[in-house]
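Chemist: Before I ask anything, here is the structure I am working with.
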Amino acid sequence: MDRSPIENPYQAPQMSGKVRDEISGHVLAGRGARLAAWLLDHVFGFLSVVPGLALLLLSQDPEVFDDFGSTGFLTMVLGALLVGGLQVVLLCTRGQTLGKMIIGAQIVNYDDGRRARFVRVFLLRYLVAGLIGATPLIGLLWPIIDAAFILGEEQRCVHDLIAGTKVVEVSRKT
């Protein structure tokens, strides 16, 4: 009697090992790496407004407000625009954000594995997803629903499905 293991369809997905995309041959960026890139992008976004926030906090003194209040607000806006603009330029030219550059990942087209361009990577992946997240009621659940899809076999969030993209490891030349 052969005692070969029986596959359990209810078993949780295995997290070990790299997943190679069958369509393009790319190695998909791991879930942990994508989370790290997301966290890094948010840290950069937060750090971009810290100088202005510090000036705003200094402006809580009524005698100092005129000197630091508007300057703090403008510093926050300029910092956010600078880092946000850099992120958009990197997305459109490299298919990467600062976080994805650091972890070695890139956004590519799902169907052909080529670097995703402006319409997919910015308009569909970020702008449409951002509008869904800004919708009353739906927006409260959107981050959870969007992120939960990464647990699927293809490791693609809803914003990846909308844009027809996937996140892969950047091949390093040695």
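Chemist: Kindly write out, for the stretch 149-159 in residue order, the coupling ³J(HN,Hα) from the Karplus curve 6.51 cos²θ - 1.76 cosθ + 1.60 (θ = phi - 60°), rounded to whole Hz, with x marking Gly and Pro.
Modeler: Once rounded to whole Hz, the list reads 5, 5, 7, x, 4, 7, 6, 10, 6, 4, 5.
Chemist: Another question, if that's okay. Stokes-Einstein diffusion coefficient for the stretch 31-169 at 20 °C in a medium of 1.002 mPa s, Rh from the Kirkwood formula over Cα pairs: what value in µm²/s?
Modeler: D = 130 µm²/s.
Chemist: At what distance in nm do the modelled label points of Leu53 and Leu137 sit from each other, each positioned 7 Å from its Cα along Cα→Cβ?
Modeler: About 3.3 nm separates the two model spin labels.
Chemist: Distance in nm between label sites at Leu82 and Phe149, each 7 Å beyond Cα in the beta-carbon direction?
Modeler: It is 3.5 nm.
Chemist: If you stretched the chain out fully between Asp111 and Arg20, how much longer would it get, using 0.36 nm times the residue separation minus the C-alpha to C-alpha distance?
Modeler: 31.3 nm
Read the figures in this text as sums done on the coordinates, not as results from a lab. Worth saying up front: this structure is predicted, and the values here are computed from it rather than measured. All Cβ positions, glycine included, derive from the backbone under ideal geometry; neighbour counts span all protein chains shown.
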